[in-house]
């Protein structure tokens, strides 16, 4: 009898961590959970909006850099550049990008996290944040644009300086020690 009791206690001790882990851990978010959250958050529209903002900023930076490097760029050449950027934007695989995001969300968020986010984004404050986020993002990028442009100017200047550095053409060859 005592032996049977010890065996039951031992088996319980072995299974207790597994039972405890199963009851205390939250299941992972499913693909459908994340897709429902994405739908509520208007992720497709947000990704598209952010990519358009980035493209607009990049187009302006490219135009400014091109003007500095080639001062006599014609309006037609700028129009071709703008058309090229517009075509690149049309080719962005938004659906593929969203598919790529799902496992990332699943890795970092469990079902409870996604449920809490769903509750927040279903609230009036959550919906306001979603409505205002594209404008806030665009305005933030515009506000940061001068800083980014200044950094790009410094990078371009450093690149030019590096390109202009020349090794001495008539420098003597390096000395070697032949007396070994």
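The values are calculated or read from the model by the stated rules, or taken from the named source; none is laboratory data. Please read all numbers here as calculations on a predicted model, not as lab measurements. Note that we place each Cβ from the backbone using ideal geometry, even for glycine, and neighbour counts take in every protein chain shown.
For the range 23-34, state whether one or more residues are in contact (Cβ under 8 Å) with a residue 40 or more places away in the chain, in a helix (DSSP H, G or I) and surrounded by 15 or more Cβ atoms within 10 Å (Cβ to Cβ). The answer is yes, given that some residue of the range 23-34 is in contact (Cβ under 8 Å) with a residue 40 or more places away in the chain, in a helix (DSSP H, G or I) and surrounded by 15 or more Cβ atoms within 10 Å (Cβ to Cβ). Taking the stated definitions as given, is residue 76 in contact with a strand residue (DSSP E or B) (Cβ under 9 Å, 6 or more places away or on another chain) and in a helix (DSSP H, G or I)? Taking the combined requirement at face value, the residue does not satisfy it. Only residues that are surrounded by 11 or more Cβ atoms within 10 Å (Cβ to Cβ) and modelled with pLDDT of 85 or more were counted across the range 85-97, and they come to 2. Note on the range 79-128: residues that are more than 18 Å from residue 56 (Cα to Cα), in a helix (DSSP H, G or I) and over 20 Å from the mean Cα position of the chain (by Cα) amount to 15.
Of all residues in the range 137-150, those being surrounded by 11 or more Cβ atoms within 10 Å (Cβ to Cβ) and within 20 Å of the chain's Cα centre (by Cα) number 9.
Checked against (1) surrounded by 11 or more Cβ atoms within 10 Å (Cβ to Cβ); (2) modelled with pLDDT under 90, residue 113 passes all but a single condition, namely (2).
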